[in-house]
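Scroll down for the structure; my scribbles are underneath it.
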Amino acid sequence: MTYIVTDNCIACKYTDCVEVCPVDCFYEGENMLVIHPDECIDCGVCEPECPADAIRPDTEPDMDKWVEMNRKYAELWPVIVTKKDQLPEAEERDGETDKMEKYFSEAPGEGG
């Protein structure tokens, strides 16, 4: 099992999770985070830290596409280990549907 980030992170990008990760497996895009599934040690400490409930175990139904998406962008985006402010529209976008189609950006974040 591994943990991965799902679409509810998009346009929110809360970073509470990155400071508790013991292996620094979070990577930052312009408007979301991902977890490198091959680096995650399955400790689960990040999951309850996410205000948007965007971090899920890969054992839940229909997670294969999210595992591959997390892997792909973890290879392209910089690592993030320091908490930052969430995106300005985070509270408004939290829980919104179809965020991948509406808001997802392939652009990398700053990392750090």
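No lab work stands behind these numbers, since they all come straight from the coordinates. As the structure is a computational prediction, the values presented were derived from the model and not from experiment. For neighbour counting, all protein chains shown are included, and Cβ atoms are generated from backbone atoms with ideal geometry for every residue, glycine included.
Some points to look at:
- Alpha-carbon spread of the stretch 26-75, three principal axes, descending order, Å: 23, 21, 19
- Sorted largest first, the spans of the alpha carbon positions of the stretch 1-49 along the three principal axes are 26, 18, 15 Å.
- Ordered by the count of other Cβ atoms within 10 Å of each Cβ, fewest first, 67, 18 give 67, 18.
- Rg over Rh for the chain works out to 0.91, both radii taken from alpha-carbon positions and Rh defined as the Kirkwood radius.
- Pairs of Lys residues in the chain, spaced 8 or more positions apart or belonging to different chains, with C-alpha separations under 20 angstrom: 10 in total.
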